[in-house]
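The values are calculated or read from the model by the stated rules, or taken from the named source; none is laboratory data. None of the values given here were measured: they were computed from a predicted structure. Note: accessible area is taken over every heavy atom of the protein model, side chains too, but ligands, DNA and RNA are not part of it. Shrake-Rupley method; radii C 1.70, N 1.55, O 1.52, S 1.80 Å.
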Amino acid sequence: MPIRSEKLALQLENPFKLSYGATTIRENVLLHLDKAIGEAAVVPYYGETPERIIGYFESLPPLPDPFFLEDALDALPPSESAAARAAADIALHDLWGKQLDQPLYKLWGLNPAHAPQNSFTVAMADDETSYRERLRSAQKYPLIKLKLGSGTPETDLDLVRIAREELPNRLCVDANGAWTAEQGIKAIPLLAEIGVIFIEQPVAKEDFEGWRDLKTHLPAHIPPLIADESVQGVESVPHLMGLVDGINIKLAKCGGLRPARQMIALARAYGMQVMIGCMIETSVAITAAAHLAPLADYADLDGNLLITNDPYRGVKIENERIVLPDAPGLGVERCVE
Ligand code: MG
């Protein structure tokens with residue numbers, strides 16, 4: 001099976017300022033596997049590099065006929081890089097769908113009408129005026145996710161209050177692990193009063209005691225607390241049982257569509273909610289994740305909307321809904337060479 005790697009420099013529409021730092025360009029790697037495609041997000045704060053990903057692609061052995069998808073996935077070598085593995089898993093699913101001449105969601109028996117509303121992320125800005133501008137330009141998106149982690153919970157709450165002043169839209173927040181449990185216990189009830197619909201990763205990635213403190217000390221009727229950085233692959237889900245209300249599943253964290261589906265099943269068994277999220281990615285990886293959206297409570301698939309040079313077309317957002325392409329496999333199409 002012919003294999004080719006392709007590096008892409010993705011231009012971000014706005015410098016993406018997070019609690020980790022700011023970036024304006026991201027370099028992802030595409031995997032062309034015969035007539036199929038996969039994508040690996042290079043997430044700098046995960047210590048990822050394009051070279052490591054390309055090294056993995058070049059190490060792939062000849063793969064069995066992807067008609068037997070499970071066999072082909074089992075034949076993928078292990079990798080330190082979940083994103084590289086995800087690219088190979090996505091490409092094999094694409095090839096499988098193309099061979100069977102059906103879109104992935106149909107092969108899984110999923111009804112796209114059950115996909116939740118998609119959220120759109122508004123990053124922090126350098127000053128209040130540009131933040132207000134950024135919010136106004138996101139007005140057309142009914143569900144807006146505010147990135148927090150501005151320094152203190154007080155300045156974070158100000159960001160949410162500014163958003164509430166500017167927009168009537170539904171709001172949710174992602175603190176990206178910026179708070180201590182003690183700060184979260186004070187801030188979260190105030191966010192609930194503002195009407196925020198969920199709070200993602202209030203405490204640091206490794207702060208499992210913090211999650212426990214939040215569960216113990218917060219009142220029962222607060223918005224759901226969703227783990228993002230605290231959850232990675234399938235094996236990380238059981239550690240969060242009873243500590244969080246939901247998990248944010250991303251293909252680049254867990255290693256692809258098969259582990260993502262396993263995580264969804266586990267989360268449901270533990271009574272957790274499910275969010276399908278993404279990294280800064282083109283329509284290749286975003287569309288792959290979108291095929292799982294009918295299984296999720298929340299979809300946060302806007303990585304392709306945050307870049308200006310997406311070479312692919314795939315999933316679309318129409319009338320606030322996720323619209324999956326009706327072509328075989330992922331159903332994505334190259335629109336720029
Ligand atoms: Mg997050």
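Numbers below:
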read-out: Within the chain, helix-based [θ] at 222 nm, where runs of 4 or more DSSP H residues each add -39,500 (n - 2.57), nearest 500; value: -9500 deg cm²/dmol
read-out: The range 29-138, relative contact order in percent, only Cα pairs under 8 angstrom and at least six apart counted; value: 26
read-out: Partner lysines for Lys253 [C-alpha distance under 17 Å; skip if fewer than 8 residues away on the same chain]; value: Lys205
read-out: For the chain, built as a Gaussian network whose Cα springs stay under 10 Å, the top-fluctuating residue of Asp94, Asp310, Asp71; value: Asp71
read-out: Length-normalised contact order for the chain - Cα pairs under 8 Å, 6+ apart - percent; value: 19
read-out: Shape category assigned to the range 3-101 from the gyration tensor of Cα positions, a/c cut at 1.5; value: prolate
read-out: Cα-Cα P(r), the chain, percent of pairs per 10 Å interval; value: 6, 27, 35, 23, 8, 1
read-out: Rg to Rh, two decimals, where the range 175-299 supplies the alpha carbon set and Rh follows Kirkwood; value: 0.97
read-out: Solvent-accessible heavy-atom area per residue, rounded to whole Å², over the chain at 1.4 Å; value: 41
read-out: Across Lys186/Lys250; Lys147/Lys186; Lys145/Lys215, pairs whose alpha-carbon gap is larger than 24 Å; value: Lys186/Lys250
